[in-house]
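Data first, discussion second: the structure below is written as structure tokens.
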Amino acid sequence: MIREELLTQNIDKLFEEEGIIANIERYAINDGNGVRTTVFTKGCYLRCKWCSNPETQLFDPEMSFFPDKCIACKNCERLCPYRAIGDDLMADREICKECSTMEHPFACTDKCYANCRKITGEKMTVKEVYDIVKRDVPFYEASGGGVTLSGGEPMAQPQFTYALLRTLTERWINTGIETCGYADREDYAKVVPYLDTIFMDIKHIDSKKHRLWTGQGNEKVLENVKLVDKMAGIYGNKFFIRIPVIPGFNDRVEEIEKTARFVAAECKNITGMELLPYHKLGRGKYYSLGRTYPLEDLKAPSAEHMEELNGLLAKYNIPIYKF
Ligand code: SF4
Ligand code: SF4
Ligand code: SF4
């Protein structure tokens, strides 16, 4: 939870706040209006089976290995002090999972000149992130863009997220967030005033099914959706509800319709909704982390089916957006 004293801190103190960042992506165009810089935080309380950013789920840093770029120099095998890398250059992940707490963390990545064995997860201060994102201010100004926080779940590091959003807002940089809605209600109440655009997911309207596919029920999410909607009525945020459409999980007409009915009844201040069709783009990242991809045989929903589902939103007079 965001500590009270942070709410009245000056810029120097906000600058000092630390978070763990998975990646900063410049020139993103799908995470809100205009040209954006997306800051991916690390750590999330959900475990969605379809997650396309599995490297952002754990809070601790992790090592990824992309064999297709490897030049087989074997520096990593020689440098790992814990003998976790075998002849085939694959690592014993049981050993690696403790690596961030060991004496020489991630030594295997030190001399990987092909840059195919790397660490995801770096501690950064708000100041360090700000110094990177501010370089793109001319692009934000020219395009109506800004900075979007994504993840992982930015609200799982609420103090950092609060400090960064306030820093950006006080410098007139447009802000956005992509959030799964599973975080503390009090923290949402504190960050919403510093956000221009909010994308929040309702992954499933049925709590049991939500738990089965994400690891947690949806009660907290639905309460936060209602809270943010209420606040959007006061602060004028652009508020979008997103549904990732996952075949076998939530892609039946009656499931999407139930969610649309909930949104139409409970959310009077939303800007619109977006249905995001399932894709497999994150699959390679699972292998790079030594994990198996849980939805190997799942196929993306057809364009016709997506059209049918979008028709349900229209039926409830919900504006449809595609970023
Ligand atoms: S992550 Fe750590 S334990 Fe695993 S191979 Fe690299 S240095 Fe060794
Ligand atoms: S250090 Fe990098 S390039 Fe060399 S063998 Fe290891 S993973 Fe491959
Ligand atoms: S909420 Fe997002 S980051 Fe977290 S597990 Fe689900 S898809 Fe991945």
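The values are calculated or read from the model by the stated rules, or taken from the named source; none is laboratory data. Quantities reported herein were computed from a predicted structural model and do not represent experimental measurements. Glycine gets a Cβ as well: all are built from the backbone with ideal geometry, and neighbour counts include every protein chain shown. Note: accessible area is taken over every heavy atom of the protein model, side chains too, but ligands, DNA and RNA are not part of it. Shrake-Rupley method; radii C 1.70, N 1.55, O 1.52, S 1.80 Å.
Residues are listed down the side, and each one gets a yes or a no for (1) open to solvent by 40 Å² or more (accessible area, probe 1.4 Å); (2) assigned to a strand (DSSP E or B); (3) under 30 Å from Leu7 (Cβ atoms):
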| position | (1), (2), (3) |
| --- | --- |
| Phe199 | no, yes, yes |
| His204 | no, no, no |
| Lys208 | yes, no, no |
| Val225 | no, no, yes |
| Val228 | no, no, yes |
| Ala232 | no, no, yes |
| Arg242 | no, yes, yes |
| Gly248 | yes, no, no |
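I'd like to check something: does region 44-57 contain any residue that is under 20 Å from Asp131 (Cβ atoms) and near ligand 3 (Cβ under 10 Å from one of its atoms)?
From region 44-57, those under 20 Å from Asp131 (Cβ atoms) are none; that's our starting set.
Looking through region 44-57, none of the residues is under 20 Å from Asp131 (Cβ atoms) and near ligand 3 (Cβ under 10 Å from one of its atoms).
Which of the following residues is in contact with a strand residue (DSSP E or B) (Cβ under 9 Å, 6 or more places away or on another chain) and aromatic (Phe, Trp, Tyr): Phe240, Phe249, Phe262?
On the way: Phe249 fails: in contact with a strand residue (DSSP E or B) (Cβ under 9 Å, 6 or more places away or on another chain); Phe262 fails: in contact with a strand residue (DSSP E or B) (Cβ under 9 Å, 6 or more places away or on another chain).
Result of the check over Phe240, Phe249, Phe262: Phe240.
Take Val35 and decide whether it is away from ligand 3 (no atom under 16 Å from the Cβ) and of a type in the set (A, V, I, L, M, F, W, C). Spelling it out, Val35 is indeed away from ligand 3 (no atom under 16 Å from the Cβ) and of a type in the set (A, V, I, L, M, F, W, C). Note on region 306-323: residues that are surrounded by 12 or more Cβ atoms within 10 Å (Cβ to Cβ) and in a loop (DSSP other than H, G, I, E, B) total 5. All of (1) assigned to a helix (DSSP H, G or I); (2) out of contact with any Leu (no Cβ under 9 Å at 6 or more places or on another chain); (3) surrounded by 19 or more Cβ atoms within 10 Å (Cβ to Cβ) hold for Leu14 with one exception: (2).
Please work out if Thr41 is surrounded by 16 or more Cβ atoms within 10 Å (Cβ to Cβ) and either under 23 Å from His279 (Cβ atoms) or acidic (Asp, Glu) (or both). Spelling it out, Thr41 is indeed surrounded by 16 or more Cβ atoms within 10 Å (Cβ to Cβ) and either under 23 Å from His279 (Cβ atoms) or acidic (Asp, Glu) (or both).
Residues checked against (1) without any contact (Cβ under 8 Å) to a residue 12 or more places away in the chain; (2) buried (at least 16 other Cβ atoms within 10 Å of the Cβ); (3) within 16 Å of ligand 1 (Cβ to nearest atom); (4) within 21 Å of Phe240 (Cα to Cα):
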{"residue": "Glu141", "(1), (2), (3), (4)": "yes, no, no, no"}
{"residue": "Leu149", "(1), (2), (3), (4)": "no, yes, no, yes"}
{"residue": "Gly152", "(1), (2), (3), (4)": "no, yes, no, yes"}
{"residue": "Phe160", "(1), (2), (3), (4)": "no, yes, no, no"}
{"residue": "Trp172", "(1), (2), (3), (4)": "yes, no, no, no"}
{"residue": "Tyr182", "(1), (2), (3), (4)": "no, yes, no, yes"}
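Does Lys49 satisfy the criteria of being in contact (Cβ under 8 Å) with a residue 40 or more places away in the chain and in contact with a Pro (Cβ under 9 Å, 6 or more places away or on another chain)? Answer is yes for this residue.
Pairing residues of region 285-306 that are without any contact (Cβ under 8 Å) to a residue 60 or more places away in the chain with residues that are open to solvent by 60 Å² or more (accessible area, probe 1.4 Å) and assigned to a loop (DSSP other than H, G, I, E, B), at Cβ distances under 6 Å and at least 6 apart in sequence or on separate chains, gives Ala300/His279.
Applying the criterion of being more than 7 Å from ligand 1 (Cβ to nearest atom), among the hydrophobic types (A, V, I, L, M, F, W, C) and in a strand (DSSP E or B) to the residues of region 84-131, the residue that is least open to solvent (accessible area, probe 1.4 Å) is Met124. Look at region 64-86: where a residue is aliphatic (A, V, I, L, M) and a partner is within 8 Å of ligand 2 (Cβ to nearest atom), sitting 6+ places away or on another chain with Cβ atoms under 6 Å, you get Ile71/Ala114; Leu79/Cys108; Ile85/Cys76; Ile85/Glu77.
Selection of region 35-57 for residues being assigned to a loop (DSSP other than H, G, I, E, B) and within 16 Å of ligand 1 (Cβ to nearest atom) yields only Lys42. Per the conditions (1) modelled with pLDDT of 95 or more; (2) more than 12 Å from ligand 2 (Cβ to nearest atom), the sole criterion not satisfied by Ala72 is (2).
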